[in-house]
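This report refers to the structure that appears directly beneath it.
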Ligand SMILES: [Zn+2]
């Protein structure tokens, strides 16, 4: 009877609503689907019915999210350019990429966008975070997967991760750092390693992958530009 009253489901709106649900944190901030899934598992624990049902549904959920994100990207007319880009190692910047847009203005970047750099990497304060000292380490050319980094880029990657962790410990008093790489959000698929100061008093429900609950904060909710610049100068001295 219900089948007679309602049209068959169309895959696009189902994927879109799954994507909305599975890429938002409990308080409405944008999250990667893998982080969202991890958050559900860690909230309910491995034996809970919700975790077991989510585990079964994971392939459907992730494929719906990827399908919706691909459709959104196609609507923006970026698919062709992305394909060219992946095929070409020569391309150093990519318009429509936040990180490359910043790199294009390298000489005039504010301290928060150019905390430190070498020939291959640049360190910036993360944008839209509520946590002072949340850093991102980005390659200076457009790379969308760690596998496409060159040996030269790889050779200083570990050094930067450790040096930034030491400097953050000095500057913020954090007990350790989280080092994480996803590069999944639209416009932010340029490889970026998050280096996150884990403060001693970080609430239990924001530890591990749930720390991404402190991202997606804009306006008064996020770290202000002048605070980021101040942190950048402090870290610059320590590096
Ligand atoms: Zn880029």
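Just so you know, all these numbers are worked out from the coordinates, no wet-lab data involved. Because the structure is predicted, anything quoted here is derived from the model rather than measured. Cβ coordinates were reconstructed from backbone atoms using ideal geometry, including for glycine residues, and neighbour counts include every protein chain displayed.
Most fluctuating residue of 147, 15, 71 in a GNM of the chain with Cα springs under 10 Å: which is it? Evaluated over the chain, the most mobile residue of the options is 147.
Distance between the 7 Å Cα→Cβ label points at residue 154 and residue 237: 3.8 nm. Dividing the summed helix terms, -39500 (n - 2.57) for each DSSP H run of n ≥ 4, by the number of residues in the chain produces a 222 nm estimate of -14500 deg cm²/dmol to the nearest 500.
Arranged from fewest to most other beta-carbon atoms within 10 Å of their beta carbon, 191, 233 become 233, 191. Angle of helix 151-172 to the longest C-alpha principal axis of the chain, folded into 0 to 90 degrees and rounded to 10: 80°.
Any idea what angle helix 33-44 forms with the longest principal axis of the chain, computed on alpha-carbon atoms, 0 to 90 degrees, nearest 10? Result, in degrees: 80.
Tilt of helix 49-75 relative to the longest C-alpha principal axis of the chain, in degrees (0 to 90, nearest 10)? That works out to roughly 70 degrees. Building the convex hull from the alpha-carbon atoms of the chain and averaging its projection over directions returns 16.0 nm².
In vacuum, with every alpha carbon of the stretch 108-161 counted as one equal point scatterer, what does the Debye formula give for log10 I(q)/I(0) at q = 0.14, 0.16, 0.22, 0.30 Å⁻¹? Two decimals, please. Debye output, listed in q order: -0.39, -0.50, -0.87, -1.24. Ordering 101, 151 by the number of other Cβ atoms within 10 Å of each residue's own Cβ, fewest first, gives 151, 101.
Considering only 11, 197, 139, give the residue with the highest GNM mean-square fluctuation for the chain, with springs between Cα atoms whenever their separation is below 10 Å. Looking only at 11, 197, 139, the largest GNM fluctuation is found for 11.
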